[in-house]
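The numbers here are math on the coordinates, done by the rules we state, and not lab data. On a predicted model such as this, the values are computed, not experimentally measured, just so you know. As a convention, Cβ positions derive from the backbone with ideal geometry for all residues, glycine included, and neighbour counts pool all protein chains shown.
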């Protein structure tokens, strides 16, 4: 992760924004008050969605069960789940 001082980030703010948004990578900005991370909104939303999903009761067990089912070959095809597409 690229790290800049607050002064360096201020001096190159608009190019920094473009790099973070177009490059889809976070930038750490250090200051005397503390550090922060600049990242594209899409990545922030992905992080928030993951955090929200982790709060769903029993989600970890469900995902582990699904992973074990896949490893054991206990899976269904798309046609078995949704029916054959006769179009």
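Here are a few things to note about the model shown:
- The angle between the Cα long axis of helix 13-23 and the longest principal axis of the Cα atoms of the chain comes to about 20 degrees, rounded to the nearest 10.
- Estimated 222 nm signal from helices in the chain, with DSSP H stretches of n ≥ 4 weighted -39500 (n - 2.57), rounded to 500: -16500 deg cm²/dmol
- Rounded tilt (10° steps) of 41-54 against the dominant C-alpha axis of the chain: 50 degrees
- Sorting the segments 48-59, 1-12 by their mean number of nearby beta carbons within 10 angstrom, highest to lowest, gives 1-12, 48-59.
- Rg to Rh, two decimals, where the chain supplies the alpha carbon set and Rh follows Kirkwood: 1.26
- Peptide ranges 20-31, 70-81 listed from the most packed, as the mean C-beta count within 10 angstrom indicates: 20-31, 70-81
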